[in-house]
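One structure is given here, and the rest of the page talks about it.
The values are calculated or read from the model by the stated rules, or taken from the named source; none is laboratory data. All values derive from a computational prediction rather than experimental measurement. In this analysis, Cβ positions are derived from the backbone assuming ideal geometry, glycine residues included, and neighbour counts consider all displayed protein chains.
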Amino acid sequence: MKIVFMGTPEFAVESLRALVEGGRQVVGVVTMPDKPVGKHQSVLQPSPVKQYAASVGLPVLQPEKLKDDAFLAQLASLKADLQIVVAFRMLPEIVWNMPPLGTFNLHASLLPQYRGAAPINWAIINGETETGLTTFFLTHGMDMGKIILRKRIPIADTDDAGTLHDALMKQGAALALETLDQILAGKVDAIPQEQFYGDGSGLRPAPKIFKETCRIDWQWPLKKIYDFVRGLSPYPAAWTEWVQPDGSRLVLKLYRTEKCFDHHNLPAGTVCSDKKNYIHIAVEGGYLRLLSLQLAGKKRMDVADFLNGFKQTQGAIVE
């Protein structure tokens, strides 16, 4: 069976590697165009998928537009029987409907929950204790095709988006291979997502995350803030403004915290510190203990190193 693989980030590389090392006939790879990086945007950085594909000698297509005639002709010339998509972009029908066996996608959630660009982040932000992986046939609409296989994955209270990403990446590669084998064996009985809806009122989306999405609201209760921080760590990172007694403001990113349940009468956002070893932020239900953080323009550091070079904690608040 001839396969075309489509993907861009590191998450997709694991599945492509599993296909290649499993001896599957990958006849081409489609990924995003090289991205300009550097101070002057003068250096072009290939995607992780392109880097891996090049290392094993696979043909790579990098269309700017997925409806471009030249790209469609190149794609058709590969004569793929099936296309596999992992963390790519929304495909037009002319692309997903091209191969005779269709196109399936690997998505990092238990569909129909968390359709969208950031399912790993949103599952943790929302305090879920379980997520998973889904393979489904592409059709019209975002992440709405018939489900082939699903696999449940627990979320530990100490997981962040980085650790969960890595766990889902590895198990996702195995699920992609299992899905491929079932298609080859003719054993697929794809199920419409509507069968998992219930009344539809409990469906949670996973939209793209922007900078303003990541700002902490210190009026939230302790657990919600804790989940918010770990759901955005290590990237793009939850942030707040550190307001000093003189009124100056510094942007502070938070990467790792702990919950300290305790009673207090302090206003939400009050900074409490011994100026040596700890920083606690007063919130509803207790204190958020900061463990790993980063001031704008500085490197990420643990709280003791931060306090060693930054003593202005007395009377500070966060907003």
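In the range 271-282, the count of residues that are touching a helix residue (DSSP H, G or I) at 6+ places or on another chain (Cβ under 6 Å) and among the polar types (S, T, N, Q) is one or more. In the range 34-56, which residue that is among the β-branched types (V, I, T) and surrounded by 12 or more Cβ atoms within 10 Å (Cβ to Cβ) is farthest from A176 (Cα to Cα)? Selected residue: V56.
Just the residues that are basic (K, R) and either touching a Cys at 6+ places or on another chain (Cβ under 8 Å) or not in a loop (DSSP other than H, G, I, E, B) (or both), please, taken from the range 245-284.
R249, K253, R256, K259
The set of residues in the range 285-312 that are part of a loop (DSSP other than H, G, I, E, B) and either more than 16 Å from T257 (Cβ to Cβ) or small (G, A, S) (or both) comprises G285, A296, G297, K298, K299, F310, K311, Q312.
The set of residues in the range 214-244 being at pLDDT below 95 and either closer than 19 Å to L291 by Cβ or part of a helix (DSSP H, G or I) (or both) consists of W242 alone.
The residue of the range 145-158 that is nearest to G102 (Cα to Cα), among those that are surrounded by fewer than 21 Cβ atoms within 10 Å (Cβ to Cβ) and not β-branched (V, I, T), is K146.
Of all the residues in the range 170-186, those that are over 22 Å from the mean Cα position of the chain (by Cα) and farther than 16 Å from T103 by Cβ number 4. Residues in the range 198-224 that are surrounded by 13 or more Cβ atoms within 10 Å (Cβ to Cβ) and of a type in the set (S, T, Y): T213 only.
For (1) more than 20 Å from A173 (Cβ to Cβ); (2) β-branched (V, I, T); (3) modelled with pLDDT of 95 or more, each residue gets a yes or a no:
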residue	(1), (2), (3)
I84	no, yes, yes
A87	no, no, yes
A108	no, no, yes
I120	no, yes, yes
A123	no, no, yes
E128	yes, no, yes
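Would you confirm whether any residue within the range 256-266 is surrounded by 17 or more Cβ atoms within 10 Å (Cβ to Cβ), closer than 11 Å to I317 by Cα and of a type outside the set (V, I, T)? No, the range 256-266 contains no residue that is surrounded by 17 or more Cβ atoms within 10 Å (Cβ to Cβ), closer than 11 Å to I317 by Cα and of a type outside the set (V, I, T).
For the range 9-33, taking the residues that are outside any helix (DSSP H, G or I) and over 24 Å from the mean Cα position of the chain (by Cα), the one that is surrounded by the fewest Cβ atoms within 10 Å (Cβ to Cβ) is identified as G23.
Scanning the range 92-111 for residues that are in contact with a Leu (Cβ under 6 Å, 6 or more places away or on another chain) and not in a strand (DSSP E or B), we see that the one that is surrounded by the fewest Cβ atoms within 10 Å (Cβ to Cβ) is P92.
Scanning the range 60-91 for residues that are part of a helix (DSSP H, G or I), polar (S, T, N, Q) and either in contact with a Pro (Cβ under 8 Å, 6 or more places away or on another chain) or under 17 Å from I148 (Cα atoms) (or both) returns no hits.
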